[in-house]
Amino acid sequence: MEKLKILNSIINLSWLSLLMVISMLALSFFLPEGEITDEKDTLEMTSTDNGESPIDLFSAEFKEGKKIFYSNCASCHNRNMVDDMTGPALAGVIEKWSDYPRSDLYDWIRNSQKMIQEDHPRAQEIWRDWKPVVMNNFANLTDEKIESVLVYIEKVGG
Ligand code: HEC
């Protein structure tokens, strides 16, 4: 009789744990997948219909720029765009180069040392402040790719 009782409670326990597993599975099925950490989702949720939706922040160009920035530039330039790191903060960089054709900025990013040697005024100025730290060359970045990074920098840096 005692044996039967123990057996019974074991069976009950197994049922209980099976029930728990099933309910956890069901719960994970109904809950949204993972936490919403993606900026896009968060912002889309808070976006309003006043015509100033932040969705354009996440245009394909912005995303492309972010990808390029994170994989090529973020090791030296702060992601927040406002604090210096190994290299200067990049917020407002378009304005700083606005006395010159936009292509100068492309050229700088592709080969900064060449521009310094060619006595470009802005290149000289920034080199005076930051030498001897040399920026990497990004010879393979096309105008369009650099433009997308600049869009990203401007939107993040304000
Ligand atoms: C190895 C570190 C390093 C990397 C990687 C790097 N930079 Fe730089 N960058 C610098 C430094 C240092 C300067 C300051 C000038 C100098 O010392 O040559 C600079 C300057 C600049 C400037 C001029 C800023 C101004 O105020 O005029 C721009 C624009 C710039 N970087 C963009 C980029 C972009 C875009 C990338 C990625 C594609 C990048 N940098 C990657 C180190 C880096």
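The values are calculated or read from the model by the stated rules, or taken from the named source; none is laboratory data. If you're wondering where the values come from, they're calculated on a predicted model, not measured in any experiment. Neighbour counts run over all protein chains shown; Cβ positions are idealised from the backbone, glycine included.
Report those helices (runs of 4 or more DSSP H) wholly inside the range 27-102 carrying at least 2 residues which are modelled with pLDDT of 60 or more and more than 11 Å from the ligand (Cβ to nearest atom). Step through it out loud before you land on a result.
Numbers: elements: 39-46, 60-68, 93-96.
Those helices (runs of 4 or more DSSP H) span 60-68.
I'd like the full set of residues that are acidic (Asp, Glu) and assigned to a helix (DSSP H, G or I), limited to the range 103-123.
Asp104, Asp107
Got a number for residues in the range 125-156 being outside any loop (DSSP other than H, G, I, E, B), crowded, with 19+ Cβ neighbours inside 10 Å and over 16 Å from the mean Cα position of the chain (by Cα)?
Number of matching residues: 2.
Does Gln113 satisfy the criteria of being more than 8 Å from the ligand (Cβ to nearest atom) and without any contact (Cβ under 8 Å) to a residue 60 or more places away in the chain?
No.
Hey, can you tell me all the residues within the range 88-106 that are among the acidic types (Asp, Glu) and either under 24 Å from the mean Cα position of the chain (by Cα) or buried (at least 18 other Cβ atoms within 10 Å of the Cβ) (or both)?
Glu95 - this is the single residue of the range 88-106 that is among the acidic types (Asp, Glu) and either under 24 Å from the mean Cα position of the chain (by Cα) or buried (at least 18 other Cβ atoms within 10 Å of the Cβ) (or both).
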